[in-house]
Amino acid sequence: ENETEKWLLNNEYAVDEGLRRLLFSILQNVKVMKPVSLAPEDSLDVFIQGEKELHFKVFGNLTKTKTYFHDLSSGKSYEVAIPGYSDYVGGIFELSANQWRDRVIMDENWRTIKSFLLQYKTDNTADVFLEFDDTFFNVNGVSTMDSSFVVDYLNQFRSFEVNEIISAPKFPKYDSLSTTTPLAEIKISTINQPEPITLKVFPSIENQPFNLIVDDSGELMIIDRHRLAQILVNQVDFQAKD
């Protein structure tokens, strides 16, 4: 739904802007290729309300290479496509609610962050604590600091996007994992948020290439393991190199 300042998903969540633009581009450019004598099976209902109201069903062939629209008013089905677009057009309508959500969970940088705490929970690795002191950041345990590394490190949280938001009932392994001791906990205080942003980081399951993170509201999210490795650093990484 188009609200005054942004699009909302199910009256609650911000919508992924890239997917919204893709959907609108598909709706604007999709063309009828030919009528087909196919009844809609395993179809999805689509209802569009605006200057024109549209209500139709979307379905595809078994290999997901062709998309069909079924017009409810006439009872006729049509093969549809976008000239020059090779991907399965119907795929945009098959996304889950979580996949439609905006995956940016924070938008901070070294100028908006007041303090950053990285606490390791499962070993004896020293915590990493950065705090702004009127001119620049101090880093605990670091005598001569690499200021460029500090800036680059904190700028990782600008438009910080997870790979996917997941629901506990559909992913019971991750739901169970979220109740265990995390690898680490991240707490970020910023000038933009009244409360600190808290993220718990959990180990990967069965050597999967991503990790579970959970925010302070209990939201389960997946992040690429290599991106996470750039965040799970040690005090020595902030030390200026000779």
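The values are calculated or read from the model by the stated rules, or taken from the named source; none is laboratory data. Quick caveat: nothing in here was measured; it's all calculated off a predicted structure. Only protein heavy atoms, including side chains, enter the accessible area calculation; ligands, DNA and RNA are left aside. Shrake-Rupley method; radii C 1.70, N 1.55, O 1.52, S 1.80 Å.
Length, then width, then depth: along the principal axes, the Cα atoms of the range 152-241 run 44, 33, 23 Å. The stretch between Asn140 and Ser74 holds 16.7 nm of extra length on full extension. This uses 0.36 nm per residue minus the Cα-Cα distance. Of His226, His70, His55, the order by accessible heavy-atom surface (1.4 Å probe, DNA, RNA and ligands excluded), from most exposed downward, is His226, His55, His70. Its Kirkwood hydrodynamic radius, worked out from the mean inverse distance over all distinct Cα pairs, puts the chain at 21.3 Å. Considering the range 6-114 at the alpha-carbon level, its Rg and Dmax are found to be 17.1, 63 Å. For the chain, the 222 nm mean residue ellipticity estimated from helices alone, with every DSSP H stretch of n ≥ 4 adding -39500 (n - 2.57) and the total spread over all residues, rounds to -4000 deg cm²/dmol.
Length gained on full extension, Leu62 to Thr125: 17.5 nm, using 0.36 nm per residue less the C-alpha separation. The ratio of the alpha-carbon radius of gyration of the range 81-211 to the globular-protein estimate 2.2 N^0.38 Å is 1.35.
The HN-Hα couplings worked out from phi for the range 122-136 by the Karplus form 6.51 cos²θ - 1.76 cosθ + 1.60 (θ = phi - 60°) are 10, 9, 9, 5, 5, 5, 10, 10, 10, 9, 6, 10, 5, 10, 7 Hz, whole numbers, x standing for Gly and Pro.
Accessible surface computed residue by residue for the range 42-141, with neighbouring protein chains in place and a 1.4 Å probe, gives 60 Å² per residue.
Listed by chain and number, the lysines placed with their C-alpha closer than 17 angstrom to that of Lys187 are Lys114, Lys121, Lys200; residues fewer than eight positions away on the same chain are left out.
Roughly speaking, to the nearest percent, how much of the range 1-96's 1.4 Å accessible area is carbon and sulfur? Solvent-exposed carbon and sulfur of the range 1-96 make up 49 percent of the total. Computed from Cα positions, the angle between helix 17-29 and the longest principal axis of the chain comes to roughly 20 degrees.
Ranked by solvent-accessible area (1.4 Å probe, protein heavy atoms only, all chains present), the residues Glu79, Glu131 order from largest to smallest as Glu131, Glu79. Length gained on full extension, Asp215 to Glu53: 54.4 nm, using 0.36 nm per residue less the C-alpha separation.
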